[in-house]
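Student: What follows is a structure written as structure tokens; I'll ask about it next.
The values are calculated or read from the model by the stated rules, or taken from the named source; none is laboratory data. These numbers were taken from a predicted model, which means no experiment stands behind them. Glycine gets a Cβ as well: all are built from the backbone with ideal geometry, and neighbour counts include every protein chain shown. Accessible surface areas use protein heavy atoms only, side chains included; no ligands, DNA or RNA. Shrake-Rupley method; radii C 1.70, N 1.55, O 1.52, S 1.80 Å.
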Amino acid sequence: MTDHILIERRGAVQIIRMNRPDKKNALTRAMYAKMSAALAEGDADPAVRVHVFLGVPGAFSSGNDLADFLTVATGGEGGSEVWDFLMALAKTEKPMISGVDGIAVGIGTTLNLHCDLTFATPRTLFRTPFVDLGLVPEAGSSLLAPQILGRQGAFALLGLGEGFSAERAKAAGLIYDVVAEDALEGAVLSAAAEIAAKPPQALKIARDLMRGSREELVARIEIESEHFRERLTSDEARAALTAFVTRKK
């Protein structure tokens, strides 16, 4: 349901809050669609200067709802909502900040590669078990992670599927800072308000220069998406996803 994504405006800051605590913020197609719309609407609104992503206590996001993946893997219809959201992350014109507490799996990790600042709590664990599920990296992470973490750090995250603690993520450059659970939202919104007060055109130019070519990122997301879709219908992924869902049940 779309009420699993809450959109709030605080001054010039737009807050996109994932709010499905009973499923640890596993993202459904409707949730992806609402976040894509929020980014587009915020970019189009001159009153919005910054986008903020937040989760719930203990769970930023446990990743894509695996029931959706399993539906595709067993011959069901896929839908474009996920890929539209990934493209929205790559193309968003205004700064993005995230506050991560607890579980950050799959897109719960790779989303932050697109953010200009990410704050996390000491209990946060970043993990991308794509290969373990017979899948491949997404969200341009195969391009962004090596740029940020170096090739071997990226392989540890995306290939081995190693968990990165908040401190390890900070040391590697994946996140900006580690703050206490009860200070997370305040730190994120304080930084967002500070950014929102900057001269917007100067900030946009500076951000664009730092981010580099969007064309390369968009092209990588398209390539990843082609492989991801193919992998979802493979015997390897079907077996891995079915085994995982069965274990959870």
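Student: With every protein chain present, what is the per residue accessible area of the chain (1.4 Å probe, Å²)?
Tutor: Per-residue accessible area for the chain comes out at 45 Å².
Student: I've got another one for you. Taking 19 Å as the cut-off for C-alpha to C-alpha distance, list the pairs among LYS23/LYS94; LYS94/LYS198; LYS24/LYS91 that go past it.
Tutor: Among LYS23/LYS94; LYS94/LYS198; LYS24/LYS91, the Cα-Cα distance tops 19 Å for LYS23/LYS94; LYS24/LYS91.
Student: Is segment 60-188 rounded, prolate or oblate when judged by the Cα gyration tensor, a ≥ b ≥ c being the square roots of its eigenvalues, rounded requiring a/c under 1.5 and prolate requiring a/b larger than b/c? Let's see the in-between values first.
Tutor: On the way: a/c = 1.63, a/b = 1.45, b/c = 1.12.
Note, shape of segment 60-188 comes out prolate.
Student: Going highest first, how would you order 195-203, 164-172 by mean Cβ packing within 10 Å?
Tutor: Order by mean packing, descending: 164-172, 195-203.
Student: I need the Debye-formula profile for segment 104-154: one equal scatterer per C-alpha, no solvent, reported as log10 I(q)/I(0) at q = 0.21, 0.22, 0.23, 0.24 1/Å, two decimals.
Tutor: Taken in order of the listed q values, log10 I(q)/I(0) reads -0.79, -0.86, -0.94, -1.01.
Student: Taking every eigenvalue of the Cα gyration tensor of segment 117-200, multiplying by 5 and rooting it, what semi-axes result, largest first, whole Å?
Tutor: They are 27, 15, 11 Å, listed largest first.
Student: For segment 181-249, what's the radius of gyration and Dmax over Cα atoms, in angstrom?
Tutor: 20.7, 52
Student: Treating only the Cβ atoms of Lys and Arg (+1) and Asp and Glu (-1) as charged, compute the dipole magnitude of the chain about its Cα centre; round to the nearest 20 debye.
Tutor: 320 debye
Student: Working from Cα positions, state the angle (0 to 90°, nearest 10) between the long axis of helix 29-44 and the longest principal axis of the chain.
Tutor: Here the helix axis deviates by roughly 20 degrees.
Student: What percentage of all Cα-Cα pairs in the chain are separated by more than 35 Å?
Tutor: Result for the distance tail: 8 percent.
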